[in-house]
Every structure is written in structure tokens, then in C-alpha cells.
Amino acid sequence: MQAPRCVRTHAATTCRDQCHLSHIRIPFDPVCPSIGPESLLDQSSLIAQDSRISTPSTKHRMRNPNLNALRMFDAAARHLTFRAAAEELNLTQGAVAQQVRRLEADLGHRLFTRLPRGLALTDTGRRYHASVSEGLAIIDAATARLAPKRDRITLSVPPSLASKWLVPRLAAFHAAHPGIELRTVASEGLTDFARDAVNVAIRQGKAPEGNSFNHHQLAPLDLVAVASPTLVATLPQPKTIKEFSTLPLIEDGHAHWDLAFSRAKLTAPAPVLSFNQTTLALDAATQNQGIALAPRLLAQDALAAGTLTELWQLPTDPSTGFHVLWPDKRTSPPATKVVVDWLLSQASRGFAFDMS
């Protein structure tokens, strides 16, 4: 029996619908020009799920993505969540998600699979991210090479001086000298400028000797006995070192109390607290735990703020203090003079001087 044929008088849509219903796999019928190979269903296309985004037009024209969209895609690909990418870029999560969707639309490819908790890169997204991240790194490196080079100065400072005096002033230095990167190393040991790669050092003690480096006094030692205002209100007002023998004393690694009593030919009392760093002794004094004997340079900010009160000052020894040291000018970067002058000015003993 011969298969039924379409009637030529059918409308195109009616003919196509009827023929598909009666014989889905029918070959091309010359009697019905509306039916042909181009109208056959491609069943594999209905179930294949690739990264291609369907568009209304079969002639999708890819648009070049902008740099911001690529940076958002890169961040999302590294973190695999829009939330973490937004936090890194200081943007909202919605803004990042929108830019990634727009990027996918411009490229005509899905880059991510959206999961209940986060994202997963598609195969296309993984390949694309490898190239994008490499390209962004090249752009960042090229931009960095255009930036003006900053002078780098390494400053070696005793830990307590760094904590109590230098660190609170660093913001002012960077504001005044943005072209200088000041790297701080906390150390009290002897400095070998060449071996330690140090440009400037501050050390406590007697004035250094030697012709291989320059030095200038930053501040005298000026040891002062300090305690919290609350504790001072409960204590007698001592006038001599002997009168401190019955008071709660805090000692540090420099043993200033012990040396002060020894110089007065007195036996030093046992301290109530002992620390290896002056900064810890000062912190304990601030917390009403006793009386610390420390250099004025380290205590001056707390004295000015009113968190410590000065009880007494040990007679000044002009041979001891804090000293700034730096190598011979022939091996010193030009920024060394700027740092040295700034340090001296901050200690209220500074003046511009000739390093030539």
C-alpha cells in the first residue's frame, strides 16, 4: 500500500504539521516542497548541553568585552562565588553577577554553572580564564613598570623605640615623603650596614666610635620615673632615689632601676614586675601596676596624653642617649639624608645638615 501523500493545496504550516504527525521520518517529497531535509528535527541538538548560549539570531556577532568585566570574571573564577569576588573588588555582589552575565552574553558562551552554593567553571570558562588571568597579569606588570620608582630605605630601630615613638609618626613621614618606602626592622643588635642591608640605624647607649659611618644624637637618655595618675595619687612624692626603695618598681631589660641604686651606693629593692622590653614596662605602668624608669623619648607621648605622670628624673648623663647611624655618604642612597633629617626633626632636636 502506497503511503499517503500531502495535498498540494495545504497551507505550508498545515502541510508541515500534518506530515510530521503522520510520518516523522518521511524523506523529501517533491509534491510537498515545504517538507525537506532542512525541516527534519535534529534530535541530538535537543539533548546536547554545551556552553553555547542560544540567541535569537543564528548570526551572533561577538562583542569585545571591557576590562572591568574581565576583572570581575577573573575574581569570580578564582573565588567561585560572586560574594567573595565582590568583597575583593569592593563592589556589590549584584554588580559582579550582572557584569558576568553580560560578559557571557557578549561572548555567546556560558562561563559558569550556577550552583546552589557558589559557581563552577564550564570547560569553556576554564580555558577562557587561563588566558584572561595571564593577560591581566601582563597588563598589571606593564602598568607597574610605568609607575615612578620609589626609593627604599631600611631603618633598624630598637623594638621599644619603634613601638612607643616611631610607629605613631610613620603616617606623617609617608604623607611628607610619598616617594620613599621606609622599611622598619626592630633590632637592638650591632648593625653591619653591608651585611644586614640596613641604610639607617638607631641605637641606645654611648656615642659610637669609628670612621666607617656617620652618627648624630637623636635624643639624650633622660631617664624619668613614671606611673599612672591613679597610682601616683596614692603614693608619696619621692625626691631622691633612696625614697623609691619602698615603692612598687617595674624593671626592664636595661636594668635602669638597678643601675640607679648602684650609682647611689644603695641596694636595689626587688621589683614587683620585670620585663625584657621597655615598652612592656611602660604598658604595665599605665595599668597602675608600678613605677617604670624609662627614657623620656619613649614615655613622652604617654606623658603628653596624660596616661602617665612623671614622678622624678634621674640626673642626665650626656654621654648616653639614642644615636642615629648611617654609612658613608658614598654608599648611601640619596633618600638617606631625607630620613635622617626627618628623624632628628621628630625628636625635636633636628636640623638640616650637610652630608657632603
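The values are calculated or read from the model by the stated rules, or taken from the named source; none is laboratory data. These numbers were taken from a predicted model, which means no experiment stands behind them. Please note: Cβ atoms are built from the backbone with ideal geometry, for glycine as well, and neighbour counts cover all protein chains shown.
What to note about this one:
- The lone criterion from (1) among the aliphatic types (A, V, I, L, M); (2) touching a Lys or Arg at 6+ places or on another chain (Cβ under 9 Å); (3) in contact (Cβ under 8 Å) with a residue 40 or more places away in the chain; (4) in a helix (DSSP H, G or I) left unmet by A69 is number (3).
- Of the residues R127, R110, R102, R203, the single one that is touching a Ser or Thr at 6+ places or on another chain (Cβ under 8 Å), of a type in the set (K, R) and over 24 Å from F322 (Cβ atoms) is R110.
- Residue satisfying all of: in the range 167-189; closer than 24 Å to G205 by Cα and without any contact (Cβ under 8 Å) to a residue 24 or more places away in the chain; farthest from the chain's Cα centre (by Cα) among these: G189
- Scanning the range 90-100 for residues that are closer than 19 Å to V132 by Cα and either surrounded by fewer than 16 Cβ atoms within 10 Å (Cβ to Cβ) or at pLDDT below 95 (or both) returns a single hit, Q98.
- Test: residue in the range 299-312 that is buried (at least 19 other Cβ atoms within 10 Å of the Cβ), assigned to a loop (DSSP other than H, G, I, E, B), outside the structural domain of W165 (by TED's automatic domain parsing) and among the aliphatic types (A, V, I, L, M): yes
- Residue count for the range 197-215 under the criterion of being in contact (Cβ under 8 Å) with a residue 60 or more places away in the chain, farther than 18 Å from L314 by Cα and among the polar types (S, T, N, Q): the result is 3.
- Being touching a Lys or Arg at 6+ places or on another chain (Cβ under 6 Å) and modelled with pLDDT under 95 is a condition met by no residue of the range 155-178.
- Breaking point among (1) at pLDDT 95 or above; (2) surrounded by fewer than 16 Cβ atoms within 10 Å (Cβ to Cβ), for K239: (1)
- Looking only at the range 216-239, and only at residues there that are assigned to a loop (DSSP other than H, G, I, E, B) and in contact (Cβ under 8 Å) with a residue 24 or more places away in the chain, the one that is farthest from S319 (Cα to Cα): L235
- Search result, residues across the range 242-258 that are in contact (Cβ under 8 Å) with a residue 12 or more places away in the chain and surrounded by 13 or more Cβ atoms within 10 Å (Cβ to Cβ): F244, S245, L247, P248, L249, I250, E251, D252, G253, H254, H256, W257
- Among the conditions (1) assigned to a helix (DSSP H, G or I); (2) modelled with pLDDT under 95, the only one that A285 does not satisfy is (2).
- Residues of the range 115-135 satisfying the condition of being modelled with pLDDT under 95 and basic (K, R): R117
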